[in-house]
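In what follows, a structure is listed as structure tokens, so that the remarks can point back to it.
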């Protein structure tokens, strides 16, 4: 970068944020002369960049291919011609198209130095964060692909996104200076986010919400405070901001893609808390998609959004008398069957839309399920998928089935116990006090008719089956080619499956398999998981 502050970012920064002794002489002179400083980056040494000599301001709409690293440092100065790999529409509405790379020489990148650095940092981050297109997620779901095309970022979003980028690159190249710098940017991002939330013009801005998501992503991968508290606070803050903006504000563009990403975080947080989420309400399930058709991914999370309320009701059984348990069970069982049919319908629609099988078996290569050399593998076969998009959808479907079928089996077990209790009423000669627990149950049964005539569970009684499907997907999601997205798609389904099976001693091996896989996931840009699972690395 040039030391002259005229080459600093065009956005205005308050000079009191920087120690005057640390500023280069030109900026010092401006401070002493009381002239307005248009801004100066305090740490320009992170990245070297040569400002182009030409005066043209034309911007390339092609994304650069990540630049090769010769040493263990982040090098963003173009030394060779760059190749365009991702093409985005002018407004970002078009999906990225992966075409034969076209040459872009460094002289063609006639942009201001600071946006150039930001652009290249983002491209480097995306290179190490997102898998190749042939196995990756659908581009329309990737809000991160919108960031490189933004010609302007609010300070909160700029600092937050740069913190995430530098943290990732620091981990890739084992550069502690880069990681330390990312933490400074993270703190600056927090400060600017607070300022934006106090500013009526910025509070509801799309960039403010995106900054919240970016800072939460930093906590997810870095967890600098060695606690999940900061991530939870970010999630709660995002929830409050999303609700304040309303569903209509998330119906198009960057806001919609960021909302889809937040929705996953919000539903998983509600699932952990076992409390209903506003994201399952009809308005939040419909209005944000009024301009775009829902994908299988969106529909899968529609179903998972119902699980927190389902689990919350299940916790109530221990606080109810027999009559209350009967009434609650009778209200939940029909809902379970409706959800089960919706999962089956989604599965059928995915099979019809996919030209190849949704998944297929291969001989397992990993060692997660093998305790010693003499013991047979727990899962000799692993599942593989056409891409991570299909894998993620199926993992969520299996997660819903694991929760649902386990709950249905427990509800049917409860109904069996209540049926036995009801059968004793006819053998009791003395009258039952109607105000007693048995009396209230008898009254409830008399008003409900033949409540024990339930459809058979059939294969749904084997709730272990979808959980095992999740375990058999570990190998595919943990492949190196899936980069960060594979482990992140797997983490929540794997944790749900493992925790549901944990109380059953005869499923000890499956639980051990899940714990071993979770420990591996924590090493793949998901340090926060340690403070949810308790598994130390």
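The values are calculated or read from the model by the stated rules, or taken from the named source; none is laboratory data. A quick note: this is a predicted structure, and the numbers were derived from the prediction, not measured. We place every Cβ from the backbone using ideal geometry, glycine too, and count neighbours over all the protein chains shown.
Of (1) modelled with pLDDT under 95; (2) within 25 Å of residue 349 (Cα to Cα), residue 264 satisfies all except one. Which? Going through (1) modelled with pLDDT under 95; (2) within 25 Å of residue 349 (Cα to Cα) one by one, residue 264 breaks only (1).
Once region 324-341 is narrowed to residues that are touching a residue at least 40 places away in the same chain (Cβ under 8 Å) and under 14 Å from residue 398 (Cα atoms), the residue that is surrounded by the most Cβ atoms within 10 Å (Cβ to Cβ) is 339.
Counting only helices (runs of 4 or more DSSP H) wholly contained in region 86-199, the ones carrying 3 or more residues that are surrounded by fewer than 18 Cβ atoms within 10 Å (Cβ to Cβ), at pLDDT 95 or above and over 23 Å from the mean Cα position of the chain (by Cα) occupy 176-198.
Find the helices (runs of 4 or more DSSP H) located wholly in region 419-537 whose residues include 2 or more that are modelled with pLDDT of 95 or more and surrounded by 16 or more Cβ atoms within 10 Å (Cβ to Cβ), and list them. Walk me through how you get there before you give the answer.
Details: elements: 437-448, 464-471, 474-477, 485-501, 508-522, 530-533.
Passing ranges, in order: 464-471, 474-477, 485-501, 508-522.
Criterion first (more than 15 Å from residue 476 (Cβ to Cβ) and either at pLDDT 95 or above or not in a loop (DSSP other than H, G, I, E, B) (or both)) does residue 394 satisfy it? Quick ask: steps written out before the conclusion?
Working: more than 15 Å from residue 476 (Cβ to Cβ): no; either at pLDDT 95 or above or not in a loop (DSSP other than H, G, I, E, B) (or both): yes.
Taking the combined requirement at face value, the residue does not satisfy it.
Does residue 211 fit the bill of being within 19 Å of the chain's Cα centre (by Cα) and part of a helix (DSSP H, G or I)? So residue 211 fits the description; yes. Residues that are out of contact with any strand residue (DSSP E or B) (no Cβ under 6 Å at 6 or more places or on another chain) and buried (at least 19 other Cβ atoms within 10 Å of the Cβ) do occur in region 356-371. Being crowded, with 17+ Cβ neighbours inside 10 Å, closer than 24 Å to residue 182 by Cα, free of Cβ contacts under 8 Å to residues at least 40 places away in the same chain and under 16 Å from the mean Cα position of the chain (by Cα) is a description that does not apply to residue 261.
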